[in-house]
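First up is the structure itself, then whatever we jot down about it.
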Amino acid sequence: MMMISAWDRWFSTSCCLCCHVRTGTIILGVWYMLINAVVLLILLTALSDPEQYHLTSAELANDLDVMDDANMCIASAISLLMILICGMATYGAYKLRAAWIVPFFSYQIFDFALNTLVAVSIVVYPNTIQDYLQQLPDNFPYKEEISALSNVCLVLIVLLFISCILGFKAYLIACVWNCYRYVSGQGASEILLYVTTNDTTVLLPPYDDSVSVPPKQGPPPYTTATA
């Protein structure tokens, strides 16, 4: 009886119930590129006209001025880097280059770990939700109604919301990982195969190469020698 590893048990070439993992990874990469391109466009527009998009500390109801030029330049650089990473993943899935998918997969793992830490911090420090609500502007929609809820209710609502986000992100990570395994498997099929028996190891060429080799010419016909 063959033993199936945990990685092979969860491996699938389909995602979203209808499309291939390559198609899903390409769509995901293009979607992330579009989002980061829009964010980059907004940030560049804000840098070009700082007076219109500048938010003061009074408008933010705190002591920080988060929309200064330095922070917007950093955010623009991050958006540009994300566009590059997503473009690499899209190209790698399209051209069957597994190494190009690794940066995007690493970003997904980092983002998932960061969101998990946020959920853990909410459980450990539940009062942070109330502190965050107090920092919101007075004209924020439903601020008074939300602030009136108890800490336990707020923690449960936030944890439920973050759990849904983490579940969705975990599914996307699984799709990209399955695409990476599929692309790696396609690349490995072009390598020479080693067939091991009890006492010998035979090196076999790929099937396509062996079929394309023309057959050797047979020996010349035998003729009877005459005296």
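The values are calculated or read from the model by the stated rules, or taken from the named source; none is laboratory data. Bear in mind the structure is a predicted one, so any value in this text is a computation, not a measurement. Surface accessibility is based on the protein's heavy atoms, side chains included, excluding ligands, DNA and RNA. Shrake-Rupley method; radii C 1.70, N 1.55, O 1.52, S 1.80 Å.
Pull out a ≥ b ≥ c, the square roots of the eigenvalues of the alpha-carbon gyration tensor of the range 141-180, then state rounded if a/c is under 1.5, prolate if not and a/b is larger than b/c, and oblate in the remaining case.
Prolate is the answer for the range 141-180, as a/c is 1.5 or above and a/b outweighs b/c.
On a 1.4 Å probe surface of the protein chains, which of Asp131, Asp111 comes out largest in accessible area, and what is the full order?
Final ranking, largest accessible area leading: Asp131, Asp111.
In the full protein assembly as shown, how much of Trp31 is accessible to a 1.4 Å probe, in Å² to the nearest 10?
The value for Trp31 is about 150 Å².
Sorting Phe140, Phe104 by accessible area (1.4 Å probe), largest first, what list results?
Final ranking, largest accessible area leading: Phe140, Phe104.
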